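Note sheet for the following structure.
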Amino acid sequence: MPQHLHPDHSATELGLPPLAQARVAQAYAQAAMDEAALLDLELDFPSGEEWPVQDYIALLEAGGARAFDFGLRVGARMRASSFVAYGHVLLSCPSFGEAVLQTRRFEGLAHDLGRSELVVEGRSAVYLWHCPWLRQLPSVHLPLSVMASIQVFATWLAGRRLPVQELALPHAAPKDATQRRALDDWFGLRLTYEAPVARARFDAALLEEPVPGADPALFPLLEQRAAQLLAAREQALLKKMPREAKLVGAVRAQIAERLAQDGARVGQVAAALQLSPRTLQRRLAEAGSSFQQLLDATRRELAMQYLRNPAISLTETAFLLGYAEQSGFNHAFRAWFDCTPQQWRAR
């Protein structure tokens, strides 16, 4: 079984539903079903418009047991229709930077497998794909299929293969040298393995390039439709979500809203949610969390967001996160990332 040596963000941090409610759209799963059929895999596919995430990952690993490059084959089969409504939104984006932005916004229409992030570091841009399920459901072929699908779709959008400087995957390298070379050849570079998160590094100038053949006039209509579908899906998820999971989301929202006003304290948040502090702490414990854990997770997530904006100083970042002293922020940041905020921003 593949081992993932580095922890990634939790589902809560990524805004994903609990694993029991996490789903994959049938349109997205179709590529894996088609590849499984070519291998004569005898599996019972879920019926309906959505798959449980566990079933989708199990399919990928079953295929991977028969073909070392199964994830690669699945990713190569992805088309605009695989990404539900937002695939067509991408076709109307004026630039590749806008396409990445819309991917991050509407990824949930296709699946709850993980979430995308884009970090610009000077002249380099890094696309990161975070998956919280790999700790419970180790998979080689899930991140492999995702990164392959991105390369295929980007190549199709651009009309040429876009140059990638680095591509890293979060599992161990294949032991078979022939298999490793085959994967390198397909991606067009030497892959890196055992990374903290799946990532691709490329020239940031690509983000400014126009998408050939895009029709920006269609963008408002397509974007509106995708937004409506996403809102409907989120409402449906909210109705199915257990009471404890809803509470975790509400507490995180209250913390984020109150940090800069020094109001992210358990008593104040409990009062805003019309609960006593003791009841709030008890219900969070029942949900497998605590107020301090949610406070730390929210601060950590916002810290990365603020540090990516050069217009926000380190002092302002500490204030926005509710720290009375810069030293308190520095101490917490080092515990999260094993470096100072200055070092993290300079990367």
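Converting the Cα gyration tensor eigenvalues of segment 242-346 into ellipsoid dimensions via √(5λ) gives semi-axes, longest first, of 27, 14, 11 Å. Helix-only arithmetic for the chain: the sum of -39500 (n - 2.57) across DSSP H runs with n ≥ 4, divided by the residue total, places the mean residue ellipticity at 222 nm at -16000 deg cm²/dmol.
Computed from the C-alpha gyration tensor, the three semi-axes of the ellipsoid equivalent to segment 100-253 are 29, 24, 14 Å, from longest to shortest. The ranking of Cys131, Cys339 by Cβ neighbour count inside 10 Å, starting from the fewest, reads Cys339, Cys131.
Express the Stokes-Einstein translational diffusion coefficient of segment 21-125 in µm² s⁻¹, to the nearest whole number, given a Kirkwood radius over alpha-carbon pairs, 25 °C and a viscosity of 0.890 mPa s. In µm²/s, the coefficient is 165. Largest GNM mean-square fluctuation across His331, His141, His88, computed for the chain with C-alpha springs under 10 Å, falls on His331.
Projecting label points 7 angstrom from Cα along Cα→Cβ for Ala256 and Thr279 puts them 2.5 nm apart. Projecting the Cα positions of Pro212, Gly48, Gly15 onto the charge dipole of segment 11-226 (unit charges on Cβ atoms of Lys, Arg, Asp and Glu, taken about the Cα centre) puts Pro212 furthest along the positive direction. Evaluating 6.51 cos²θ - 1.76 cosθ + 1.60 at θ = phi - 60° for every residue in segment 311-322, the Karplus couplings come out as 6, 9, 6, 5, 5, 5, 4, 4, 5, 5, 8, x Hz, glycine and proline recorded as x. Each Lys and Arg adds +1 at its Cβ and each Asp and Glu adds -1 at its Cβ; summed about the Cα centre, segment 242-346 shows a dipole of about 280 debye.
Charge dipole of segment 11-226 (Cα centre as origin; +1 on each Lys and Arg Cβ, -1 on each Asp and Glu Cβ, all else neutral): 400 debye, rounded to the nearest 20. Which residue, Pro143, Pro310, Pro18, has the most motion in a Gaussian network model of the chain that connects Cα atoms within less than 10 Å? Highest fluctuation of the listed residues: Pro310. Place a point 7 Å from Cα of Gln342 in the direction of its Cβ. Which residues in segment 292-314 have their backbone N less than 16 Å from it? Under 16 Å, as judged by backbone N against the label point of Gln342, lie 313-314 of segment 292-314.
FYI, it's all coordinate maths here, none of it is from the lab. The shown structure was predicted, so the numbers you read here are calculated from the model rather than taken from an experiment. No Cβ is skipped: glycine too gets one built from the backbone with ideal geometry, and neighbour counts run over all protein chains shown.
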